[in-house]
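Below: the structure, in structure tokens.
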Amino acid sequence: MVDVQFRFRDDETVNDPAVTVDSFSEQSNATAVRIEPGDDARDLLPYLDRLSLVEVSFPAWTDGRGYSSARILREAGYRGEMRAVGDLVIDMLHHLRRCGFDAFAPEKALNEEDAQSAFDRWENVYQATVVDGRPAIWAKRHPA
Amino acid sequence: MKILTGNDLKTGAVIWWTGVGWSLDVNESADVGEHGAALVAREEGAQHVVAAYVVDGGKTAEGIRPAHIKERIRALGPTVRLDLTPKASDPAAADWVI
Amino acid sequence: MYKYDEYDQQMVDTRVAEFRDQVRRRLAGDLTEDQFKPLRLQNGLYLQLHAYMLRVAVPYGTLNSAQMTLLGDIADKYDRGYGHFTTRQNIQYNWIKLEDTPDILAELAKVEMHAIQTSGNCIRNISSDQYAGAAADEIVDPRPYAELLRQWSSFHPEFLVLPRKFKIAVIASETDRAAMRLHDIGIKMVKNDAGEIGARFYAGGGMGRTPMIAPLIREFVPLDQLITFSEACLRVYNRYGRRDNKYKARIKILVHELGRDEYVRQVEEEFAHLLTQPIEPPLAELERIKAHFVDPGFDANASDDLDLTDPDFRLWVERNTHAHKQAGYVIATVSLKPVGGIPGDATADQIRLMAKLAKDYSFDELRVTHAQNIVFPHVRKADLYTVWQALDEAGLSTANLDTVGDIIACPGLDYCSLANARSIPVAQKISERFGSAQRQAEIGELKLKISGCINACGHHHAGHIGILGVDKKGLENYQLLFGGSEGADTSLAKIIGPGFTEDGVVDAIEKATEVYLANKQGEERFLDTYRRIGMDPFKEAIYG
């Protein structure tokens, strides 16, 4: 089990064993799921109520499908922990957060100081992803 | 012979393995024999070089000549800007590539 | 043109700091080359055949004279005194040091420039019509929409690690000067029956190994849904584009394999969902951007007279200028294709001279074209001779726009680590063979495009005549293709037969022009004659 190195939630860490997306619907007592890059995150939409941990796997950080998976689940209202697991690099941490990730379990621990600067780097953002709750630059330019 | 080339990490310059270090001059290349892969791993690991690889070459009267045109262009420079190459004063330098 | 506000400036400044930090970690050994490479590429920094190469973005090809001047200064200070203008309306430097790069980016940021996403598997610099805002035939200026998309695509958190690179073009004229349908997404601004402006979307075009013309995927996207629809197109691609084979990872393969209709169905479904998410900037943001692109203060009384007594000037005016929407003005193109020269290269002095001329005579504005030339978009006819004289003195007055001498060529094996054959020497030999102005005039419009490998950076698929360099058992070999076009009549060139040596391909092209001239009817261009009589007469003359 890979350790969670960064977590941006106040609730207790969930450590239920995650099952695969294709077996999740049949395991009526499962509360944690693991999404591989090729999985369709929308298969989970009927079960959001009983989910408390979604692990999104990044076998290679250059495979960006997990960004869409996370955002889709957040857009559908998932509020539990969204954990990025695998080959995580410092320079993408900020963008992962913007797509709805709030826990990070890198395969190899990242340099704490460099990671912290990466999380904090972008004071403003051009897009509204909605799921990170941050206002886009265009929203600041045109306050309602 | 087998020669080893790569780029200097900081400057990007094309460099050639001399047996003890790296040179900008292809003519100082050493024959790395079967040790190419090990040298690549060691030298890249030590941050001396980036994108290093082994190519075939041969000794000629004019010096060491890589077997493939791509590395001959690496060794000489762009054939269309001879003023920027190590043979800036030789108007026929591009012929060496072909 | 667009001017940064505090937010835009903060974004590029932050990027410079981020890249400086990445370089520091690379040099300290905290990042391996495998980890660093995708990061440096997203900042336009390649490792090429001889050195690092830095590609600087020129968003939708528009820049002012202060920016152009700095591009010249960077060539002197950090490179070897020249730069290369590219087929994506950018500029690249061939001899950059990694350790200098953060400082270069910091200098660029001071004039509102950057190298963000000029490479890597992300949304690249957005290209547009080089005559935008000046052409007589445009419905609207396409650049405000391109700028809106630029901001949306910069650091878009969901789309930074796509299956492959992603190129968008935006045009707004009937005449397509940006090869719009050969892009991953091509957008044409149109007016609907109600007179409203909207965006027509094409998706899945591209050159490269498997050239494809993008099919239409939506007739009309309202302006207040432009970003949302783009996001839907990208999300479907990010989720389902192939990642098992980099040569099949572009969106064109996805659209082709799914079929246009199924791709459209998935996009529309995603679009319907995303419309429920408040991700679309308000129209007020588009209006804010548009205000930057109002017409400069044209002289309403500018004279339409032009003294053409100097025959060299007359030739240049006929060949290199284009009708302007404002009476008394023209659009003038500076050819970066002198006879025997390197297509797209300009020295630092030439770059600064063009900057100064733009400042004095073109309302401080220049454009880079995808054909690797420079445009002064708004020149008063009364100033044109002065401009031409200054260009002529600097070796920049070649009158060959869109003729056989105006060759698009990738850097080829002289610079590029992916190339299989050299492109530039072929371009030089062809332009020398057809060097006489009279001969070029006789042959007329002939778009010749050369790529040094199948990645097709030299757009050979879209050439009236295309040349593809390959490696044949260690020797350079050149294949010839005929019949491509990038315009409104987009078509893909077809290979005509066995390849040639460097000299052989020049001879073959000469024979092809002879066939054209012998068969030409009326005002036909080479392409028209080829389309009418087919490939056989050409093959017979070349291989017979």
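The values are calculated or read from the model by the stated rules, or taken from the named source; none is laboratory data. What you see is a predicted model, and the numbers here were worked out from it, not measured in a lab. Positions of Cβ are backbone-derived with ideal geometry, glycine not excepted, and every protein chain shown enters the neighbour counts.
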Being of a type outside the set (A, V, I, L, M) and either more than 19 Å from residue A:127 (Cα to Cα) or free of Cβ contacts under 8 Å to residues at least 12 places away in the same chain (or both) is the filter here; which residues of region C:223-255 pass it? C:239, C:240, C:241, C:242, C:243, C:244, C:245, C:246, C:247, C:248, C:250, C:252
Among the residues that make up region C:51-74, is at least one of them over 30 Å from residue C:376 (Cα atoms) and either within 14 Å of chain B (Cβ to nearest Cβ) or assigned to a helix (DSSP H, G or I) (or both)? yes
Hey, could you check region C:451-473 for residues that are of a type in the set (A, V, I, L, M) and in contact (Cβ under 8 Å) with a residue 60 or more places away in the chain and say which is surrounded by the most Cβ atoms within 10 Å (Cβ to Cβ)? C:465
Anything in region C:1-34 that is within 11 Å of chain A (Cβ to nearest Cβ), surrounded by fewer than 18 Cβ atoms within 10 Å (Cβ to Cβ) and within 14 Å of residue C:116 (Cα to Cα)? List them, or say none. C:9, C:10, C:13, C:14, C:17
Search result, residues across region C:356-395 that are in contact with a Pro (Cβ under 8 Å, 6 or more places away or on another chain), part of a loop (DSSP other than H, G, I, E, B) and farther than 13 Å from residue C:68 by Cβ: C:363, C:372, C:395
Going through (1) touching a Ser or Thr at 6+ places or on another chain (Cβ under 8 Å); (2) in contact (Cβ under 8 Å) with a residue 40 or more places away in the chain; (3) more than 14 Å from chain B (Cβ to nearest Cβ) one by one, residue C:476 fails only at (3)
In region B:31-43, is there at least one residue being part of a helix (DSSP H, G or I), free of Cβ contacts under 8 Å to residues at least 12 places away in the same chain and of a type in the set (Gly, Ala, Ser)? yes
Those residues of region C:387-427 which are surrounded by fewer than 23 Cβ atoms within 10 Å (Cβ to Cβ) and of a type in the set (Asp, Glu) amount to C:392, C:393, C:402
Residue set C:41, C:98; condition in contact with a helix residue (DSSP H, G or I) (Cβ under 8 Å, 6 or more places away or on another chain), surrounded by 17 or more Cβ atoms within 10 Å (Cβ to Cβ) and in contact (Cβ under 8 Å) with a residue 60 or more places away in the chain; output residue C:98
Select from region C:460-490 the residues that are within 21 Å of residue C:130 (Cα to Cα) and part of a strand (DSSP E or B) and list them in ascending order. C:485
Given (1) assigned by TED's automatic domain parsing to the domain that holds residue C:11; (2) buried (at least 23 other Cβ atoms within 10 Å of the Cβ), where does residue C:127 come up short, assuming only one miss? (1)
Between C:214, C:178, C:194, which is in a loop (DSSP other than H, G, I, E, B), within 20 Å of residue C:486 (Cα to Cα) and more than 16 Å from the chain's Cα centre (by Cα)? C:214
Members of region A:110-124 found to be more than 7 Å from every other protein chain (Cβ to nearest Cβ) and under 26 Å from residue C:275 (Cα atoms), listed by number: none
Tell me yes or no: at least one residue of region A:101-109 is farther than 21 Å from residue C:273 by Cβ, at the interface with another protein chain (Cβ under 8 Å from one of its Cβ atoms) and surrounded by 15 or more Cβ atoms within 10 Å (Cβ to Cβ). no
